[in-house]
Amino acid sequence: MRSLHRRESRGQTLIEFAVLLPVLLMMIMGGLDLGRIVWANDLIGNAAREGARYAIVHGASKTTLCPVGPPSVDTVIPAASPACPYPSPSKEGIRQAARNWAIAAGHTVTVQVCYGIGCTGDTNTAAATTSGAVRGTPVTVTVNSRVDMAAAALIGIAGADVSASATMLVNH
């Protein structure tokens with residue numbers, strides 16, 4: 001009688017383990033997904049700040065060797081070269097600086113750069129377009145990314161969107 005009870009107990013333990021294992025794995029994968037989203041959000045915030053910093057330091061002034069953004073009237077714009085691949089009025093240098101910081105923040109990282117008060121997307125305000133990025137002009141860098149999730153994909157959620165923006169004043 002004693003050996004019969006022991007076999008039934010083993011079968012019960014195996015069934016309980018088989019029922020709880022998928023739940024436990026989903027909880028572990030969900031925790032890892034949540035950690036990835038928090039990490040990506042931190043990286044995106046740093047990318048936006050570094051992109052804005054790059055824009056205010058390398059702005060288009062007469063003393064900048066490789067100016068970016070809208071040029072002022074006294075800016076000498078060099079020809080594109082390996083040392084200066086994206087000279088003013090291109091914003092690609094700013095976008096590239098932000099993308100370099102967002103390297104592990106998911107795929108499809110998009111960066112938008114605009115100059116002026118109340119600007120949106122990649123469109124500069126009229127004042128920033130006509131006078132250039134003079135001292136005191138705000139520059140806003142917005143970085144967006146999509147982070148894929150493993151556990152959420154099993155229930156039909158493809159991923160999470162993370163976004164951050166930073167605004168700084170041109171100081172050259």
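Scanning region 130-172 for residues that are over 21 Å from VAL76 (Cα atoms), out of contact with any Asp or Glu (no Cβ under 8 Å at 6 or more places or on another chain) and free of Cβ contacts under 8 Å to residues at least 40 places away in the same chain yields PRO138, ALA153, ILE155, GLY156, ILE157, ASP161.
Here MET27 meets each of (1) more than 22 Å from ASN124 (Cα to Cα); (2) touching a helix residue (DSSP H, G or I) at 6+ places or on another chain (Cβ under 8 Å) with one exception, condition (2). Considering only residues of region 19-66 that are small (Gly, Ala, Ser) and farther than 17 Å from CYS114 by Cβ, which is surrounded by the most Cβ atoms within 10 Å (Cβ to Cβ)? Applying the filter and picking the extreme gives ALA40.
Values quoted throughout were computed directly from the atomic coordinates according to the rules given, and no laboratory measurement underlies them. Keep in mind the model is a prediction, meaning the values are calculated, not measured. Methodologically, a virtual Cβ is constructed for each residue, glycine included, from the backbone with ideal geometry; neighbour enumeration extends over all protein chains shown.
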